[in-house]
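The values are calculated or read from the model by the stated rules, or taken from the named source; none is laboratory data. Nothing here was measured: the structure is a model prediction, and the numbers come from that model. All Cβ positions, glycine included, derive from the backbone under ideal geometry; neighbour counts span all protein chains shown.
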Amino acid sequence: MLEFSDIKSTHLYVTSLYLLSAEPPGYESYFITTSALYRSNTKQYRCDIEKSGGRIVYRSNTSSIELIIEAQEQSPNARTEYASVLVSVLPSNLNPPVITYNSNTGYIFENSSVGARVYTDAAASTTLLKLAFTDPETSSSDLPVQFTTTVSAGQPFAVTQEGYIVLNSSVLDYEATTKYVLTVTVTKATSPWYSATVTVTVNVLNVNDNSPVILVPDNYSVTVTAGNYTTTAPRVIVTVQATDIDFGPPQFKLNRVVPANATSKFSVSQNGSLSVTGSLSPGDVFAVYVTASDLGKPVRSTEAFVVVSVPISCRKSPRKYLVYINEEETINATVYVPIEGQPLPLP
Ligand SMILES: [Ca+2]
Ligand SMILES: [Ca+2]
Ligand SMILES: [Ca+2]
């Protein structure tokens with residue numbers, strides 16, 4: 001609505017308010033004007049501009065129209081005044097947004113921090129995965145259109161306005177979940193809120209975040225008969241076993257032996273077999289430390305502990321004892337001979 005007034009005269013009124021011209025030319029016919037006395041005491045007239053019925057303005061033809069409105073007084077002088085009205089042709093809202101992307105398959109390492117972005121390359125180091133959201137009813141000369149972006153519920157990812165997929169929870173664990181399939185929804189900011197969706201698969205990349213696990217968690221304890229074990233026929237006394245859920249199977253090697261001067265008696269194969277060579281005497285006891293290392297980078301290792309003992313040989317029949325012990329006794333509790341209350345005599 002435009003307002004015009006004629007304040008110089010008591011009897012000369014503005015009587016004609018009409019659309020004089022348009023730029024680009026020809027668009028005068030797309031609009032109509034109606035005018036009326038607005039406030040008689042101040043002789044104000046108003047001019048309403050309306051769209052002419054059925055005439056559609058296409059933004060592909062013009063995005064703005066300048067209308068010139070002329071007001072002419074009633075007096076014989078017929079003096080005139082003009083107003084310029086700039087009409088911006090806004091995008092219609094008849095279509096959903098359009099989603100494009102450089103890839104809908106992404107990669108991210110399991111040890112990534114919150115805020116980390118998803119890449120398109122399997123090394124997760126070169127190219128960020130990026131979605132692009134556009135409104136098919138706008139052009140590059142228009143102001144950027146704002147969209148609402150959401151990711152299907154329960155997924156540890158979000159999408160930024162720029163279209164990057166970011167981690168929003170530090171729950172990634174390749175050993176538990178290797179892949180997330182996200183449904184990304186993009187919604188227009190104005191009614192009727194058209195939306196579009198795209199499915200993005202995010203692969204979790206393995207990191208060497210676990211050390212090998214020795215299958216006998218406390219330690220191995222083995223006995224070896226005294227004797228002389230030659231290098232041509234080394235005696236395998238135990239096979240240490242371990243697993244690694246990141247990068248296995250673990251490889252084994254001898255770390256150290258206590259006492260150290262017995263180190264040369266022991267060797268460990270890559271698969272964990274502990275062998276002995278040389279002479280072992282009754283009563284010998286050795287502590288053998290074996291290292292299990294995974295195949296990750298950097299390598300993670302766990303140590304296995306093997307107690308090797310050589311029993312004292314018995315040259316006569318062993319004495320036999322019948323002993324008692326109370327149930328639920330703890331370690332190092334004393335056992336008893338049949339005479340109740342008498343401790344077991346040592347041989
Ligand atoms: Ca993990
Ligand atoms: Ca891992
Ligand atoms: Ca590992």
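Quick test of your reading of the structure: Gln251 fulfils all but one of (1) surrounded by 15 or more Cβ atoms within 10 Å (Cβ to Cβ); (2) within 16 Å of ligand 2 (Cβ to nearest atom). Name the failing condition by number. The number of the failed condition is (2). Of the residues in the stretch 173-190, at least one is over 30 Å from Thr243 (Cβ atoms), of a type in the set (D, E, K, R) and away from ligand 3 (no atom under 16 Å from the Cβ).
Each row is one residue, and each column tells you yes or no for (1) closer than 30 Å to Gln44 by Cβ; (2) touching a strand residue (DSSP E or B) at 6+ places or on another chain (Cβ under 8 Å).
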| position | (1), (2) |
| --- | --- |
| Ser60 | no, no |
| Ile69 | yes, yes |
| Ser75 | yes, no |
| Ala83 | yes, yes |
| Asn93 | no, yes |
| Pro97 | no, yes |
| Asn104 | no, yes |
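Conditions: (1) surrounded by 16 or more Cβ atoms within 10 Å (Cβ to Cβ); (2) within 10 Å of ligand 3 (Cβ to nearest atom). Val238 meets all but one. Number of the miss? It is condition (2) that Val238 fails.
Among the residues of the stretch 246-280, those that are out of contact with any strand residue (DSSP E or B) (no Cβ under 9 Å at 6 or more places or on another chain) and assigned to a loop (DSSP other than H, G, I, E, B) comprise Asp246, Phe247.
Okay, residues lined up against (1) within 16 Å of ligand 2 (Cβ to nearest atom); (2) surrounded by 14 or more Cβ atoms within 10 Å (Cβ to Cβ); (3) modelled with pLDDT of 95 or more:
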| residue | (1), (2), (3) |
| --- | --- |
| Glu162 | no, no, no |
| Lys179 | yes, no, yes |
| Leu182 | no, yes, yes |
| Leu205 | yes, yes, yes |
| Asn210 | yes, yes, yes |
| Val213 | yes, yes, yes |
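Those strands (runs of 3 or more DSSP E) of the stretch 1-71 in which 2 or more residues are at negative phi and modelled with pLDDT of 85 or more occupy 14-23, 31-39, 44-51.
Of all residues in the stretch 72-81, exactly one satisfies the criterion of being part of a loop (DSSP other than H, G, I, E, B) and among the hydroxyl-bearing types (Ser, Thr, Tyr), namely Ser75. Within the stretch 72-88, being at pLDDT 85 or above, of a type outside the set (Ser, Thr, Tyr) and over 53 Å from the mean Cα position of the chain (by Cα) holds for Glu81, Ala83. Residues that are crowded, with 16+ Cβ neighbours inside 10 Å and within 21 Å of Asp142 (Cβ to Cβ) occur in the stretch 64-79; there is at least one. Flag: Pro91 matches the condition of being surrounded by 14 or more Cβ atoms within 10 Å (Cβ to Cβ) and under 30 Å from Glu23 (Cα atoms).
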